[in-house]
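Please read the structure below before turning to the comments.
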Amino acid sequence: MKINPNIFILDVDGVLTTGTFFYDSKGKILKEFGPDDHDALKILSKYLKIIFISADKKGFKISEKRIVRDMKFELFYVSSSKRYEWIYKNYKRNKIIYIGDGIFDQFIMDKFFYSISTQNSYFKKKKKSKYVTKSNSGNRAVAEACEHILKKFFKKNII
């Protein structure tokens, strides 16, 4: 019996963004989001539920503006050390595709149906991923991952 994924969970910072935080003397003011990712996610959302998570408490409102208000996807604050427990509690992990980039992600990558890393992810995390994008985070890596998922699991092309 073939199992197709039904949820795509994305870490925000370092996946949808470059991972760079812009600060001034008052604190975090900007995050850099890249092109094409939103368009590709809209196409993929016809096949999978799209969920974003972020552990960035100080920059959460920035992520919320982009993801919830502009892109119209769900976003949850989940600490890096509690990700697996939160995902396991809320979703069936045998149908989850997870994309992350950080040090803590390496500990949970092999617990999901399918895992993806961006090219510039933490090196140990990339070793545990089933797919590594050729693109860096914040530079169409999510669009590339969407295209990969559509071809691999749904036999569809973005265009």
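The values are calculated or read from the model by the stated rules, or taken from the named source; none is laboratory data. All values derive from a computational prediction rather than experimental measurement. Ideal geometry is used to build each Cβ from the backbone, glycine not excepted, and the neighbour counts take in all protein chains shown. Only protein heavy atoms, including side chains, enter the accessible area calculation; ligands, DNA and RNA are left aside. Shrake-Rupley method; radii C 1.70, N 1.55, O 1.52, S 1.80 Å.
Answer rounded, prolate or oblate for the stretch 73-114, using the Cα gyration tensor with square roots of eigenvalues a ≥ b ≥ c: rounded when a/c is under 1.5, else prolate when a/b is larger than b/c, else oblate. Working shown, then result.
Numbers: a/c = 1.38, a/b = 1.02, b/c = 1.35.
Here the stretch 73-114 falls in the rounded category.
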Item checked: Where labels lie 7 Å past Cα in the beta-carbon direction, separation of Phe22 and Asn4 in nm -> 4.0
Check: Label 7 Å along Cα→Cβ of Lys95; the stretch 1-37 residues with amide nitrogen under 18 Å?
Finding: 1-10
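Using +1 on the beta carbon of Lys and Arg, -1 on that of Asp and Glu, and nothing else charged, what's the dipole of the chain about the Cα centre, debye to 20?
Values: 33 positive and 17 negative charges, 121 e Å.
Using Cβ point charges on Lys, Arg, Asp and Glu, the chain gives about 580 debye.
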Notebook entry, point to check: What order do you get for 10-20, 89-99, 110-120, 75-85 when each peptide is scored by the mean count of other beta carbon atoms within 10 Å, highest first?
Noted result: 10-20, 110-120, 89-99, 75-85
Notebook entry, point to check: Can you give the helix-only mean residue ellipticity at 222 nm for the chain, where every DSSP H stretch with n ≥ 4 adds -39500 (n - 2.57) and the sum goes over all residues, rounded to the nearest 500 deg cm²/dmol?
Noted result: -7000 deg cm²/dmol
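Once you sort the root eigenvalues of the Cα gyration tensor of the stretch 117-159 as a ≥ b ≥ c, which label holds: rounded (a/c under 1.5), prolate (a/b larger than b/c) or oblate (the other case)?
On the way: a/c = 4.36, a/b = 1.62, b/c = 2.69.
Oblate shape, in that a/c is at least 1.5 and b/c is the bigger or equal ratio.
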Item checked: With DNA, RNA and ligands ignored, accessible area of Lys65 (1.4 Å probe; Å², nearest 10) -> 90
Item checked: Gyration tensor verdict on the stretch 87-159 (Cα atoms; rounded if a/c is under 1.5, prolate if a/b is larger than b/c, oblate otherwise) -> oblate
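Rounded to two decimal places and with Rh computed the Kirkwood way over Cα pairs, what is Rg over Rh for the chain? Present the calculation step by step, with values, prior to reporting the outcome.
Details: Rg = 14.7 Å, Rh = 15.6 Å.
When Rh is taken as the Kirkwood radius, the ratio is 0.94.
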Margin query: Give me a comma-separated list of calculated 3J(HN,Hα) values for the stretch 125-130, in order, Karplus coefficients 6.51, -1.76, 1.60 applied at θ = phi - 60°, integers in Hz, x for any Gly or Pro.
Written below: 5, 4, 5, 8, 7, 7
Note to self: Once you place label points 7 Å from the Cα toward the Cβ at Phe107 and Val68, how far apart are they in nm?
What the structure shows: 2.7
